[in-house]
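Worksheet: one structure, shown below.
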Amino acid sequence: MYLLLKQGKDFGMSNNLRTMCSIAGAGKTSAFFRFDWKSQIWNLLVVLGTIIGGFIAHFYLSDGNPSDINSKSIADLQSLGIIDNLKGYMPESLFKYNGSLFQFSLLSIGGLLIGFGTRYAGGCSSGHAISGLSNFQLPSLIAVIGFFIGGIIMVHFIFPLIF
């Protein structure tokens, strides 16, 4: 997500990836990572807050039971062959790592494409959809339309070929 603070600082998750890569030394191989990362170290508090917030929510604000999902939604997903047994929001058949080279390759390529797309589009999908659209930014509208078209192509054409 992207938020412009009164001090003129960019605030968001996708900015943190660039900062962390720069700290790790990526500036030696790419000009994109050559910047004063020390001026952005404050932004890593977003990552820390996300981790701490997730920990608190999981261990102190949840009873540990999976979320109830509408039975019609479960039946629809089962009829499409997407899930076999749904407990909570994540179907095990899709998200359980089985150790295969194919699954590892698919996850790695997908992660690289998401990272590249985030930087190429100038921010993540939620940042464009929430902040960009609310500020009436044309590039965000174009990006969100692209995200939806990409999602439709993936779900209806590519996903059935892979699984």
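The values are calculated or read from the model by the stated rules, or taken from the named source; none is laboratory data. Note that this is a predicted model, so its numbers are computed, not measured. Cβ atoms come from the backbone with ideal geometry, glycine included; neighbour counts cover every protein chain shown. Quick note on the areas: whole protein, heavy atoms, side chains included, nothing else; ligands and nucleic acids left out. Shrake-Rupley method; radii C 1.70, N 1.55, O 1.52, S 1.80 Å.
Annotation: Ile41 carries an accessible surface of approximately 80 Å², with a 1.4 Å probe and no ligand, DNA or RNA atoms counted. Counting heavy atoms of the protein chains alone, Lys38 has an accessible area of about 140 Å² for a 1.4 Å probe. Computed on the Cα trace of segment 10-82, the radius of gyration divided by the Kirkwood hydrodynamic radius gives Rg/Rh = 1.25. Ranked by the mean number of other Cβ atoms within 10 Å of their residues, highest first, the peptides 129-140, 103-114 fall in the order 129-140, 103-114. Straightening the chain between Phe157 and Ser108 buys 15.6 nm, computed as 0.36 nm per residue apart minus the Cα-Cα spacing.
Label sites at Tyr120 and Ile145, each approximated as a point 7 angstrom past Cα along Cα to Cβ, lie 1.8 nm apart.
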